[in-house]
1. If we count every other residue with Cβ under 14 angstrom of residue 76's Cβ, Lys/Arg +1 and Asp/Glu -1, where does the sum land?
2. Antiparallel as a % of all DSSP beta bridges within the chain, to the nearest 5?
3. Counting each DSSP H run of 4 or more residues in the chain as -39500 (n - 2.57), what helix-only mean residue ellipticity at 222 nm follows after dividing by all residues, to the nearest 500 deg cm²/dmol?
4. If a/c stays under 1.5 just call it rounded; otherwise compare a/b with b/c (prolate if a/b is bigger, oblate if not). Do that for the range 209-289, with a ≥ b ≥ c from the square roots of the Cα gyration tensor eigenvalues.
5. How far, in degrees from 0 to 90, does helix 139-150 lean away from the longest principal axis of the Cα atoms of the chain, to the nearest 10?
6. Tally Lys and Arg at +1 and Asp and Glu at -1 over the other residues with C-beta under 12 Å from the C-beta of residue 172: what net charge comes out?
7. Could you order 102, 235, 192 by accessible surface area, starting with the largest, using a probe radius of 1.4 Å?
8. Just tell me the longest site-free run in the chain, where the sites are GluC sites (Glu not before Pro) in a DSSP loop having at most 12 other beta-carbon atoms within 10 Å.
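The values are calculated or read from the model by the stated rules, or taken from the named source; none is laboratory data. Not measured: the values here are computed from a predicted model. Cβ sites come from the backbone with ideal geometry, for glycine too, and all protein chains shown count toward neighbours. Ligands, DNA and RNA are stripped out before the accessible areas are found, and what is left, the full protein with its side chains, is counted by its heavy atoms. Shrake-Rupley method; radii C 1.70, N 1.55, O 1.52, S 1.80 Å.
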Amino acid sequence: MELIDGIAVSDKLKNDIAQKVIELKQKGKKIPHLAAVLVGNDGASQTYVNAKVKACEKVGFDSTLLRFSSEISELELLNEIDKLNKDNSIDGYIVQLPLPKHIDEQKITQAISPAKDVDGFHPESLGKLVLNLPGFLPATPAGIVEMLRYYSIPTSGKHCVVIGRSNIVGTPMSLLMSRNATPGNCTVTITHSKTQNLSEITKQADILIVAIGKPEFVTADMVKEGAVVIDVGIHRIEDKSKKSGFRLLGDVKFDEVAPKCSYISPVPGGVGPMTIACLLKNTLLAVNS
Ligand code: GUN
């Protein structure tokens, strides 16, 4: 079993990006500028957004964090989006999800200018992904593809099973794995909460990508010997023995699943850092779009 080291792979990507920023500076060109919109005080969202802003600093990007109260109205937020769309100093921006219940996430996502949609959540970005046209790929699925590439994990003709069909991960992931590309060319099965006999299907997976959002959902009996397992989940579980007061768990019961795998991504230190690196990659792309 080999551990997929998301920190090492993301460091390599970030170093390449930092080098490109140095070249832009030398040529007197604009430094990429990412803005992040955070609504409310959700602890996990704050952690993720702070990590994104910190990663910008690390590669030499400019960054702006815009924080709003959870009481902000949908209209007020749409006005802020409009300002970001018109602000020429900002190349790309994200609106951290989830948003408070009174705000329609689809409405917000669709208000983001496609040219600044570095999360790749806008229908235009997703349409380009479906048609295999260049565009912003959603950062988590793109990060998983980069992990598979880095470890030269064979994908062509393999059976990839995706658990979860979210707009952010499961659905774009299944499209990326099936398209005619390397990594890609998989036969893909997408499964979800209504799937019957799930473990019969997951046991057929050469590559199992788990984005179901339930801690330790995938157990050893659901995994084929020699499978590649990618764990997208991240859950804070209360643990008074930790200084932070919590520990992190994935969607995969790591200790029992890992011995069966050829490769497995851990939580933390797997997919999470790759999401951030691919967001930076998209921001670099946004400077020229
Ligand atoms: N919430 C969970 N993952 C993400 C992400 O990749 N981007 C945004 N904007 N919100 C998220």
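1. On the way: positive: 67, 83, 107; negative: 71, 74, 80, 82, 104.
In short, -2.
2. Numbers: 4 of 34 bridges.
Antiparallel bridges make up about 10 percent of those DSSP assigns within the chain.
3. Details: 10 runs with 113 residues, N = 289.
Calculated mean residue ellipticity at 222 nm is -12000 deg cm²/dmol.
4. Numbers: a/c = 2.77, a/b = 1.36, b/c = 2.04.
Oblate shape, in that a/c is at least 1.5 and b/c is the bigger or equal ratio.
5. Tilt relative to the chain: about 60 degrees.
6. Details: positive: 128, 165, 179; negative: 119.
Net charge in that neighbourhood comes out at +2.
7. Values: 102 100, 235 30, 192 50 Å².
Result, largest first: 102, 192, 235.
8. Numbers: sites that count: 71, 225.
Excluding the exposed sites themselves, the longest stretch runs over 72-224.
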